[in-house]
Amino acid sequence: MMSSQTDTQEVTPPKVGIPEVANFLNLLGTLMSDPSTTWIDRVLKDNEAMKAAVTQKEIENNGFIQAIAKVSQDLSVEIEKSKLAIAQSDEAKAKASELATEMEQATKTLAEKEQKLQEDASTITSLQGSLESLGKEVSTRDEVIKKQEEQQANHAARIKELEGSLATTQSELDTITAQLSELRSFSCEMADGSKHFVLNEINRIYNFAKGLAERYFREDLSDAVLSNASLFEETRKFVRPIPFPNTNSANAKKVRIAAFLARLGSRLADLIFLPYYMEPDEEEEQQQGLDAITVLLSNLSHSDATREMQLRSMLLAISPKEQKKIAYDRADMIADEISDYLGVLLSEEQQPKFEDDVRKLCKMAVVSWETLRPLKQKVEPFTQTDEDTEKYWLPAELEVDSSNQSKKQANGKTKGLGSKPSLHSLRSANKVILVWPGFSYGSEVLKQGFMLLDSQVKAADEEVQPLKRNQRAMQRATSSSLAQVRRSTARKSKLFPRSGD
C-alpha cells in the first residue's frame, strides 16, 4: 500500500514570492553586505548543492520508494506465496505425519507379516514333511484302492453270479415257505408258561385229591364193611403193597388215605398226565405201562428238547376233539375204578357224593392238563427214579384228626405213621409205594413226589398179619357167595386194565 502512494506523489519545489520568502530574501540582501555573507553564500551554495543532492536523493528516494513499493508488492505476492507454501507445507507435514504413521503402521504390519511369514514358513516346512508322509500314504492307499477295486470287480462278478442263483433260491424258498406254512397248519401253537403257573396247576390237583382223601377216609368205617373180609381182600389186591387192615385204628385210617392217593395218583400219571392220547389196540390193552409215543417223547425231551416240542405240537394237532374225548373217557374210567374198589368201603349215603367228587377231580385234572400239554417246555410226571433222594421224593405227610386216634405210648413214641418223617428216613428206609407222582418242567424237577416208607406202614402191617390168617379160613367158606356179590357191584373199565389186576 505504501509503495502505491509513493509512486503517485511527485516532489515539487517551494514557490517564490510568498511573504516569508520575500522577507527572507530581504534579509539575505542585508546579510550579503555582511562579512558573513560569504559564509552564508557559501552556506546557500552548499544549501543549493544540498538541495540538489536532496533532490537527487529524493529522486533516488522516489526510485527507492518505487523499488520498495515494487518490492513490497512483490513481497506481498511472495508473502501470499509463502503463506500458500506454508499451508502447502503444513499440509505436506500433515501428510508426512500421516505417511509417517502409515509407514510406522506399515513397518509394524510388515514386521508382523515377516513374523507370520516365518511362522508360515515353519508351518510350510512341517506341512511339506506331512505332505511327503501323506504322499506316501496316498501311494499306499492308491495301491490298496487298486487292490480293492480288483476285489470289488471280483465281488461284482460274484454278486452277479449270486444274483443269478438268487432267483432260483428265492423260488425254492417260496416253495419251502409254502410247505412250512402247510406243515404249521398240521401242528399246535406252543406257548410259554411260567414255573409259578405250572406249579399252581399241579398243586391245585394234589390239594383237591388230598382234601377228598382226608374228608372220606379219616372217619370210621361201618362194622358191616369191616367184617367183610372178602371185600377187604380184593381191596388189598387193588392197593398193594400198602398194608390195608380192616380196623378203625389211626394207622388203618392213614393207610386208607395213602392208598386212595397212591391209586389215584398212579392212574392219573398213567392215563391223564400224558403228552398225547390215543386209543390202544387189543394187544396194547393187555400190556402194562406207558405207550410207545409217551416213552419216545419222554426220551426225546432229555436228548433233544426242541425236536420233542415240535413232535409234540404235531401230535397235539391230530384230532384234538378225539383226544379230548379219550381224556374224559379215561377220567370217567378212573373215577369208576376208584369208586368200585375204595368207594364201596364208605356208607351208602357217602358213596354217591364220593363218586361225584372223584369224577369232578379227574375231570379237573383233564382240564388242567390241557393247559399244560401245549407248553414249550414239557411238563412230565415221574413215578420212579434212579435214586430215591430228596431231589425227587419226600416222605408222605398223612394226618388223621379223629377222636378215636390212638394215644401216645408211655415211652413217648407215636405208633404207626409219623406226621412228618425226616429226610434221613427217606435215605435210610425202603420205599413201599408211590403216593403221588413228582413233576419235572423241562430239565428241572419242579415238584417232588411223595413216597410211603416201610417205617410209616410198619404198625399197619402188624395189624394185618393176624387178620390175614383168620380171613383165609373164612374166605374158603364164603368165597363163592361174596365173589358173586362183588362182581355185581363192581364196574369194570372197557378201555384199560387196572394195574393191580
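The values are calculated or read from the model by the stated rules, or taken from the named source; none is laboratory data. Please read these numbers as outputs of a predicted model, since none were measured by experiment. When we count neighbours, we look across all protein chains shown, and the Cβ atoms used for this are built from the backbone with ideal geometry, even at glycine. When the accessible area is computed, the model is the full protein with side chains, heavy atoms only, and any ligands, DNA or RNA have been set aside. Shrake-Rupley method; radii C 1.70, N 1.55, O 1.52, S 1.80 Å.
Observations
- Any hit, region 259-273, residues being in a helix (DSSP H, G or I), farther than 25 Å from residue 357 by Cβ and of a type outside the set (S, T, N, Q): no
- Qualifying residue in region 98-110 (condition: modelled with pLDDT of 80 or more, among the small types (Gly, Ala, Ser) and either loosely packed, with under 12 Cβ neighbours inside 10 Å or part of a helix (DSSP H, G or I) (or both)): no
- Within the set 327, 250, the sole residue that is open to solvent by less than 30 Å² (accessible area, probe 1.4 Å), under 25 Å from residue 379 (Cα atoms), touching a residue at least 12 places away in the same chain (Cβ under 8 Å) and small (Gly, Ala, Ser) turns out to be 327.
- Within region 72-95, residues that are open to solvent by 100 Å² or more (accessible area, probe 1.4 Å) sit with their Cβ atoms under 7 Å from residues that are assigned to a helix (DSSP H, G or I), at 6+ positions apart or across chains, in these pairs: 73/3.
- Taken as a whole, region 203-210 holds at least one residue that is in a helix (DSSP H, G or I) and in contact with a Ser or Thr (Cβ under 9 Å, 6 or more places away or on another chain).
- Note on region 375-387: residues that are in a loop (DSSP other than H, G, I, E, B) and either of a type in the set (Val, Ile, Thr) or open to solvent by 30 Å² or more (accessible area, probe 1.4 Å) (or both) amount to 7.
- Within region 184-227, considering residues that are open to solvent by 50 Å² or more (accessible area, probe 1.4 Å) and polar (S, T, N, Q), the one nearest to the chain's Cα centre (by Cα): 194
- For region 330-363, the set of residues classified as open to solvent by 50 Å² or more (accessible area, probe 1.4 Å) and of a type in the set (Asp, Glu) consists of 348, 349, 356, listed by residue number.
- Qualifying position, being of a type in the set (Lys, Arg), assigned to a helix (DSSP H, G or I) and more than 60 Å from the chain's Cα centre (by Cα), among 81, 136: 81
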